[in-house]
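Shown next, in structure tokens, is the structure this report addresses.
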Amino acid sequence: GYAVAAYYKDSLMRVWSKGVLSTAAGVAAGATVMTFPAGYRPKEIQRKAVEGNGATVQFVSISPTGVCTVEVLIGAAGSLDIDFSFLAEQ
């Protein structure tokens with residue numbers, strides 16, 4: 001199957017996320033899909049282009065509170081490839 005969703009921080013304070021999130025029912029635009037813990041959050045809002053629903057470009061936003069939201073509806077039986085990185089607040 002697909003890579004399990006996960007994240008880590010390297011020695012240069014860059015947070016890396018990877019994996020695929022799947023949904024049977026769909027996810028509304030603006031919905032939270034994950035939250036990064038303290039120490040793994042960006043200083044400013046980050047906007048990342050990711051693959052969703054097979055090949056459609058979607059956008060996620062990661063806030064300084066660690067909340068990661070989708071900007072566009074993810075349809076039923078959809079998925080979101082969360083391969084992106086950002087510099088953690090220092």
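Could you grab me the full set of residues in the range 2-18 that are under 18 Å from Ser61 (Cα atoms) and modelled with pLDDT under 95?
Within the range 2-18, just Ala5 meets the criteria.
How many of the residues in the range 44-56 are within 30 Å of Ser11 (Cα to Cα) and not basic (Lys, Arg)? Break it down stepwise before answering.
Start the filter on the range 44-56 by keeping residues that are within 30 Å of Ser11 (Cα to Cα), which leaves 44-52.
Now narrow it down to the ones that are not basic (Lys, Arg): 44-46, 49-52.
Final tally of qualifying residues: 7.
When the residues of the range 18-61 are narrowed to those that are under 21 Å from Ala3 (Cβ atoms) and in contact with a Lys or Arg (Cβ under 8 Å, 6 or more places away or on another chain), which ends up surrounded by the fewest Cβ atoms within 10 Å (Cβ to Cβ)?
So the residue we want is Phe59.
Mind checking which strands (runs of 3 or more DSSP E) fall wholly inside the range 5-90 and carry at least 3 residues that are touching a residue at least 60 places away in the same chain (Cβ under 8 Å)?
Values: elements: 6-9, 14-18, 20-23, 32-35, 46-52, 56-62, 67-70, 78-81, 84-87.
Answer list for the range 5-90: 14-18, 78-81, 84-87.
Only residues that are surrounded by 13 or more Cβ atoms within 10 Å (Cβ to Cβ) and over 11 Å from Phe84 (Cα atoms): list them for the range 1-12, please. Working first, answer last.
Taking the range 1-12 first, the residues surrounded by 13 or more Cβ atoms within 10 Å (Cβ to Cβ) are 5, 7, 9.
Within the range 1-12, Ala5, Lys9 meet the criteria.
I'd like the full set of residues that are open to solvent by 50 Å² or more (accessible area, probe 1.4 Å) and either touching a strand residue (DSSP E or B) at 6+ places or on another chain (Cβ under 7 Å) or under 16 Å from Ala25 (Cβ atoms) (or both), limited to the range 62-88. Spell out the reasoning first.
Of the range 62-88, the ones open to solvent by 50 Å² or more (accessible area, probe 1.4 Å) are 64-65, 71-73, 76-77, 83, 87.
Matches in the range 62-88: Pro64, Glu71, Val72, Leu73, Ala76, Ala77, Asp83, Leu87.
The values are calculated or read from the model by the stated rules, or taken from the named source; none is laboratory data. Everything numeric in this text was worked out from a predicted model, so none of it was measured. Reconstructed Cβ throughout: ideal geometry from the backbone, glycine too, with neighbour counts over all protein chains shown. Heads up: the accessible areas ignore ligands, DNA and RNA and are worked out on the full protein's heavy atoms, side chains in. Shrake-Rupley method; radii C 1.70, N 1.55, O 1.52, S 1.80 Å.
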